[in-house]
1. Once amide H atoms are placed 1.01 Å from N in the peptide plane, what residues at a sequence separation of 5 or more from Ala75, or on another chain, have their amide H within under 5 Å of its amide H?
2. Can you tell me how the range 185-231 classifies by the Cα gyration tensor, rounded, prolate or oblate, using a/c under 1.5 as the rounded cut?
3. Amide H neighbours of Val200 under 5 Å, at least 5 residues apart or on other chains, H built in the peptide plane: list them.
4. Keeping every protein chain in place, order Asp86, Asp226 by accessible area at 1.4 Å, biggest value first, i.e. largest first.
5. Using modelled amide H (1.01 Å from N, peptide plane; none on Pro or chain starts), what sits under 5 Å from the amide H of Asp29, excluding residues fewer than 5 places away?
6. Ordering Val126, Val61 from largest to smallest accessible area (1.4 angstrom probe), what's the sequence?
Amino acid sequence: MRRKVDEKLDALLAFVLPPQCTLCGAEGDRRLPLCTDCRADLPWLGHACRLCAEPLPLSSVCGRCLRRAPPQHAAHAAFHYAPPLDRLVQGLKFGGRLGLARLTGALLAEAARNGQWPRPQALMPVPLHDARLRQRGYDQAQVLTREVGRRLSIPVESHRCRRQRHTAPQSGLAPAQRRRNLRGAFDVSPLLALDHVAIVDDVMTTGATVGALATALKRAGVARVDVWALCRAGR
């Protein structure tokens with residue numbers, strides 16, 4: 001019911017105030033602040049590894065995951081981390097442009113719907129540590145997840161997990177160092193009532209962060225953990 005009301009309000013606002021394209025400023029679509037040309041240029045992710053979403057010629061399992069299976073059951077990403085999605089992510093993550101969550105959340109929800117990603121019982125954003133949250137003032141993954149959950153009518157369980165260690169930035173670390181850096185970083189409340197949870201993040205690179213959270217979720221009683229990422233970056 002709430003989703004239908006939200007969709008009607010979005011349609012009414014689009015009719016009264018036709019949106020501008022977020023990327024070029026031209027008149028956007030009635031349902032989304034993107035023009036036809038910019039939408040056609042989006043770097044949608046095609047075939048990818050079923051376990052880590054790394055781009056592949058065919059949808060199968062990549063060599064890394066065959067050698068070392070990740071803790072998640074499956075991973076899906078909507079886009080390559082490439083222009084113009086990188087600018088949208090940076091604007092949402094570091095630029096304080098929270099309005100971009102409506103666009104990026106809508107695109108991620110569309111990818112999940114069109115790709116028929118298995119529907120979880122709940123979505124969980126990758127949480128920031130309290131120190132970083134105070135510094136930034138908001139959690140971009142939580143804002144993104146709420147928009148996806150609203151559009152797909154899936155509950156968001158952001159209060160069930162916290163980042164208990166203030167880890168060093170992942171950029172610049174080798175894959176093995178990233179895994180060590182995040183060991184024991186997340187604390188998850190018991191989730192025995194949930195059999196299937198999808199972790200939501202803006203960018204997935206090596207998968208160390210979502211892998212650490214997936215491990216914590218499984219220890220908390222979740223049988224199946226998937227990953228939903230807006231973008232997939234190169235390792």
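The values are calculated or read from the model by the stated rules, or taken from the named source; none is laboratory data. The structure displayed is predicted, hence computed values, not measured ones. Calculation scope for accessible area: heavy atoms of the full protein, side chains included, ligands and nucleic acids excluded. Shrake-Rupley method; radii C 1.70, N 1.55, O 1.52, S 1.80 Å.
1. For Ala75, whose amide H was placed from the backbone, the distant partners under 5 Å are Leu51, Cys52, Ala53, Val227.
2. Numbers: a/c = 2.62, a/b = 1.68, b/c = 1.56.
It comes out prolate by the Cα gyration axes.
3. Distant-sequence amide H within range of Val200: Met124, Val126, Trp228.
4. Values: Asp86 40, Asp226 0 Å².
Result of the area sort, largest leading: Asp86, Asp226.
5. Leu34, Cys35
6. Details: Val126 10, Val61 40 Å².
My answer, sorted largest first, is Val61, Val126.
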